[in-house]
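Values quoted throughout were computed directly from the atomic coordinates according to the rules given, and no laboratory measurement underlies them. As the structure is a prediction and not an experimental result, all values here were calculated from the model. Every residue, glycine as well, gets a Cβ built from its backbone with ideal geometry; the counts of neighbours run over all protein chains shown.
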Amino acid sequence: MEIGRKLNGRYKITGTVGGGGMAHVYLAHDLILDRDVAVKVLRYDFRDDQDTIRRFKREALAATEMVHPNIVSVYDIGEEDNNQYIVMEYVKGTDLKKYIHNHFPIPYQKVIDIMDQVLSAVATAHHNRIIHRDLKPQNILIDEDGVVKITDFGIAVALSQTSITQTNSLLGSVHYLSPEQARGGMATNQSDIYSLGIILYELLTGHVPFDGESAVSIALKHFQESVPFVKEYDQRIPQALENVVLKATAKEVADRYRTVHEMQNDLATSLLPQRSNEPKFVPASMLENTKVLEPIKPKEAVVTDSSLAESKELPEKGTETNKDEIKNEKKPKNKKAKALWLTLLGLFLVGAIVFAVLVFSSPKDISVPDLTGMTKNEATKALSAYNLALGDVVEEANNEVEKGLVIRTDPKTGATIKEDSTVDLLVSSGKETVAFSDYTGKSYEEVRAQLIEQKFTVKRVDESSDTVEAGLILSQDIDEDEEVIPEETTITFTVSTGKAGFEMRDLSGYSEKGVQDYVDDNNLNVTITKEYSNDIADGQVISQEPTAGEILYGGSNISVVISQGPEEIPLKTFTKKVEIPYKKSEEKVSSSISTGESTEMQLVPNSITVYIDDEEHKLGTIYQQFEISENTEIEIPFVLQEGKKGSYRIIRDGEMIEENTEVTP
């Protein structure tokens, strides 16, 4: 859209702001309300796409339903020449993505302040039953006063709009996509909470947790891999603050915050001292018992008496046999078969019972769970959930793992052991300590360089000494052989500045005697010079060297300039001749001689007033006043300092006829 165009005769396009996948954003001026606004105009290639137009209008509708100081306001929507547009509040500043890039590392309190504003805005959206679905730093603006504004509700969904579904499409930025959205599921309020957790992660670490060559690979990581610990990038981050990230980005929805308000309240208290020893958050789904399914055993073959009985030949047909003999012969054989069958059946039952006892009483095989990063109590509960017992607990210094947390296990994670076996823990005793040395009497600068290299924080306090040379260490606030952790230790050295010094006093206004007394009291040497001054009274100090505040020591030299008052300038006396012209004026005068009267014309004199300005007169005071009846020359006396100029002014009958401000001898 060209610069200078007017939309609806009201919004004059004055520049470009940026653009996105479906719209361009322009800077415009509202000619009616006389204010700058942002105008989002649907791109030309989407003008005939009804789905995009509906989505574009949905953004305006979603935003107009919410009034909040941290949500960009929508002022107007319209269409002109088949151009769909939205008129919004113009936020002069930058987006959160650029802010992180330009200001990282960001102080923790500033991070919480930014997130508090974002959470407050999202809470309002959720209260209005609107899910943003595309929360990312690029959609969060920060103005020049630090006020956060959320924008771009283009893919927001109202919970009441049940007809809107999602089919195998990943909407929004994949770097901030929740696992359920990455799987193709419907977004919920807790999907926004997951995105907020990723934004908090980026504010604390300066980068997103998952990256890859394609959107698909990143999406897979969101529901297959755990979000990395922020303390891996900054060990100083309080555990309570990391826990907010861990809980907000839990893979299972049930493990996340239920509401944005819950996350906001937890984040607001994460820097409080009361939460300094908080254990690391472990999702409840990770602590559930793992069910081991036994394989189905095949049934043993049952031995029948038909398989155990001896075969008996029958007499051939036609052979005569004594029935009693046959009867007597058959009876013992049946008894033997029955006894054999009972014996074998008894052996089978005993074997089956022994086998069952062995199978059901033998311990099951268990994989050792991953206990790294847990406390001893958390590890004990996790082992109990797997029907394993806690063995020996050994402490070991570790610079990477926080004190009290598991470094590794024996057997190691994933190893197969029998049920009810013990697992030994190697627990961090904190960072490795070193015995601090005695540095008194050594050069502070050399010691400072050495300790900074070892990651100590070194501070200095100066103190004078009559016996220790300047620059050498007088004392230290950590005792010799005290065990300390270098990167967590601040050492303060008291360093000699040599002999005691004092601050030079401001001598302005001092008399010469006062200066001499100050010099005598502080064992100083002084050089006094005198100069004329129009501003400083005679006999008082004009300037000093060194200036006030500088450090002096006994025996130091100072210099002082004393005023002699203003320099006398000789006066010059002279006169200035001035010609005053007479202005003729007549009037009738009546006179009587003896018995008759006569009238004649008579000249009227001019009234002259003279003003002068010199060393003895001021222009506002009358110098001389007289009358003239003809042109008259007068001499005006002046008294002036050398280089100065005088003035005069002549008034005739109330009218100024001459003025001169450049009178010189």
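Modelled spin labels at residue 32 and residue 621, positioned 7 Å past Cα toward Cβ, are 7.2 nm from each other. For the pair residue 422 and residue 94, a Förster radius of 51 Å applied to the C-beta separation gives a FRET efficiency near 0.35, rounded to the nearest 0.05.
Return the aspartates and glutamates within reach of residue 338: Cα separation strictly under 14 angstrom, same-chain partners fewer than 8 residues apart disregarded; answer none if there are no such residues. Result set, ordered by chain and number: 305, 310. Each peptide in 657-664, 264-271 gets a packing score, the mean of other Cβ atoms within 10 Å over its residues, and the list from highest to lowest is 264-271, 657-664. The GluC sites (Glu not before Pro) of region 203-260 that DSSP puts in a loop, and whose beta carbon has at most 10 other beta carbons within 10 Å, are 213. The loop-placed GluC sites (Glu not before Pro) in region 406-513, going by DSSP, that have at most 16 neighbouring Cβ atoms within 10 Å of their Cβ come out as 419, 432, 469, 480, 482. Could you give the nm distance between label points at residue 470 and residue 628, where each point is 7 Å from its Cα heading toward the beta carbon? Between residue 470 and residue 628, the simple spin-label model gives 7.8 nm.
If both residues of a DSSP beta bridge must be in region 365-428, then about 55% of such bridges are antiparallel. From most to least packed by mean Cβ count within 10 Å, the peptides 215-222, 125-132 give 125-132, 215-222. Each residue of region 424-439 was assigned a 3J(HN,Hα) from its phi angle through the Karplus curve 6.51 cos²θ - 1.76 cosθ + 1.60 (θ = phi - 60°); the sequence is 7, 10, 9, 10, 6, 8, x, 5, 5, 9, 10, 7, 6, 9, 9, 10 Hz, with glycine and proline shown as x. In terms of the Cα gyration tensor, with a ≥ b ≥ c the square roots of its eigenvalues, is region 173-262 rounded because a/c is under 1.5, prolate because a/b exceeds b/c, or oblate? Judged from the Cα gyration tensor, region 173-262 comes out oblate (a/c at least 1.5, b/c at or above a/b). With a cut-off of 10 Å between beta carbons, the residues surrounding residue 562 carry a summed charge of -2, where Lys and Arg count +1 and Asp and Glu -1. For region 93-286, just say rounded, prolate or oblate: build the C-alpha gyration tensor, square-root its eigenvalues into a ≥ b ≥ c, call rounded for a/c under 1.5, and beyond that prolate if a/b exceeds b/c, oblate if not. Judged from the Cα gyration tensor, region 93-286 comes out rounded (a/c under 1.5).
Within straight-line reach of residue 499, meaning a Cα separation under 14 Å, sit the following aspartates and glutamates at least 8 residues removed in sequence or on another chain: 462, 463, 466, 469. Computed extension gain for residue 607 through residue 262, at 0.36 nm per residue and net of the alpha carbon distance, reaches 114.5 nm. Projected label points at residue 397 and residue 571, each 7 Å from Cα along the beta carbon direction, are separated by 9.1 nanometres. Mind giving me the FRET efficiency for residue 2 and residue 506? R0 is 51 Å, r the Cβ-Cβ distance, nearest 0.05 is fine. E(calc), rounded to 0.05, equals 0.15.
When peptides 401-407, 272-278 are ranked by their average number of other Cβ atoms within 10 Å per residue, the highest-first order is 401-407, 272-278.
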